[in-house]
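Undergrad: Got a structure here, written out as structure tokens. Questions coming.
The values are calculated or read from the model by the stated rules, or taken from the named source; none is laboratory data. Nothing here was measured: the structure is a model prediction, and the numbers come from that model. Here the Cβ positions follow ideal geometry from the backbone for every residue, glycine too, while neighbour counts run over all protein chains shown. Protein only, heavy atoms only, side chains kept; ligands, DNA and RNA dropped before computing areas. Shrake-Rupley method; radii C 1.70, N 1.55, O 1.52, S 1.80 Å.
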Amino acid sequence: MPGVVTMNITELNRECLLHLCSFLDKDSRKYLSQTCHKLQEVFQEHSLWPLLNFSSPSELTKKNYILGPALKSLSICWYSSRVKICNIEYWAKTALQKSMCSPHLNTVSDFLQKVCKSCPNLRTLSLSGCAHIGDENLIQVLKNCPHLQSLKLENCSGVTDKILTVVPLLSKRLHTLHVNFCRNITQKGLSQVRQGCPAIILQADRSADMIGDRRPDEIVSLQRTPRIIILT
């Protein structure tokens, strides 16, 4: 139309492009970045990525996000029927169940290692349905992310009292700790956190009331005391 001035998006300055990209989801940002070098540089700007949410382990292997020092909040929440299989102890899984878990067995733990190296300013971490992570993975996060203020775990069967014992030692700024439906958490571990961090907001729905997993050979059978009957 006469009198209408057209403008290419790449003619906008960097600040405007960053602002526009902040309204897009991860995939849209990635697709846009593939159109030209300028938008690719905007995509790689760390300040654009203060928040990351993932709904399955498979999303962690995509190249549609950037990990960097700007990341403040990270959420990996997997709500799937396969979570039930993942939560079965490895020694109790059938061959079929093991084969179903093998493609993503180390996906979340490997991702957390990258977070430890690239995201020292992480403030909040939420993990749900991540059965394959263990205490050591979370201990590394606590060591490398000293600004962590909130750690929320749900249905993470690989987490035990071990992580609770190090919280008072490693997390000076942690004020919220949730370990809901983590069946290998006990009352003893919760008591240690309360004693070491009395001001922390601790939530453990169902965790300490659930029965922890044990191998069959670890179950101690009850021994009956033999009785002597004297006949007179």
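Undergrad: Would you pick out the residues in the stretch 160-191 that are open to solvent by less than 10 Å² (accessible area, probe 1.4 Å), closer than 22 Å to Cys119 by Cα and of a type in the set (Val, Ile, Thr)?
TA: Ile163, Val167, listed by residue number.
Undergrad: Quick check on my filter: what residues within the stretch 166-183 are closer than 16 Å to Asn137 by Cα and touching an Asp or Glu at 6+ places or on another chain (Cβ under 9 Å)?
TA: If the condition is that a residue be closer than 16 Å to Asn137 by Cα and touching an Asp or Glu at 6+ places or on another chain (Cβ under 9 Å), then Val166, Val179, Cys182 are the ones that fit.
Undergrad: In addition: How many residues does the stretch 8-43 contain that are in a helix (DSSP H, G or I), of a type in the set (Ser, Thr, Tyr) and farther than 23 Å from Phe54 by Cα?
TA: Number satisfying all stated conditions: 1.
Undergrad: Please indicate, with yes or no, whether at least one residue in the stretch 131-151 is out of contact with any helix residue (DSSP H, G or I) (no Cβ under 9 Å at 6 or more places or on another chain) and open to solvent by 70 Å² or more (accessible area, probe 1.4 Å).
TA: The answer is no; no qualifying residue exists.
Undergrad: In the stretch 95-153, which residues are of a type in the set (A, V, I, L, M, F, W, C), under 22 Å from Leu71 (Cα atoms) and at pLDDT below 95? Working first, answer last.
TA: Taking the stretch 95-153 first, the residues of a type in the set (A, V, I, L, M, F, W, C) are 95-96, 100-101, 105, 108, 111-112, 115-116, 119, 122, 125, 127, 130-131, 133, 138-139, 141-142, 145, 148, 151, 153.
Applying the additional criterion that residues be under 22 Å from Leu71 (Cα atoms) yields 108, 111-112, 115-116, 119, 122, 125, 127, 130, 133, 138-139, 141-142, 145, 148, 151, 153.
Once the filter is applied, which keeps residues that are of a type in the set (A, V, I, L, M, F, W, C), under 22 Å from Leu71 (Cα atoms) and at pLDDT below 95, the stretch 95-153 yields Val108, Cys130, Ile133.
Undergrad: Which condition number in (1) touching a helix residue (DSSP H, G or I) at 6+ places or on another chain (Cβ under 8 Å); (2) surrounded by 15 or more Cβ atoms within 10 Å (Cβ to Cβ) is the one that Thr10 fails?
TA: (2)
Undergrad: For the stretch 42-76, which residues satisfy the criterion of being open to solvent by less than 70 Å² (accessible area, probe 1.4 Å) and aliphatic (A, V, I, L, M)?
TA: Matches in the stretch 42-76: Val42, Leu48, Leu52, Leu60, Ile66, Leu67, Ala70, Leu71, Leu74, Ile76.
Undergrad: If you check Gln113 against the conditions, is it open to solvent by 20 Å² or more (accessible area, probe 1.4 Å), polar (S, T, N, Q), over 25 Å from Tyr79 (Cβ atoms) and not in a loop (DSSP other than H, G, I, E, B)?
TA: Details: open to solvent by 20 Å² or more (accessible area, probe 1.4 Å): yes; polar (S, T, N, Q): yes; over 25 Å from Tyr79 (Cβ atoms): no; not in a loop (DSSP other than H, G, I, E, B): yes.
Here the answer is no, as Gln113 does not meet what is asked.
Undergrad: For the stretch 122-145, what are the residues that are touching a Leu at 6+ places or on another chain (Cβ under 7 Å), of a type outside the set (A, V, I, L, M, F, W, C) and in a loop (DSSP other than H, G, I, E, B)?
TA: Passing the criteria: Arg123, His132.
Undergrad: Something else now. Would you say Arg206 is without any contact (Cβ under 8 Å) to a residue 40 or more places away in the chain, open to solvent by 70 Å² or more (accessible area, probe 1.4 Å), in a loop (DSSP other than H, G, I, E, B) and touching a Phe, Trp or Tyr at 6+ places or on another chain (Cβ under 9 Å)?
TA: yes
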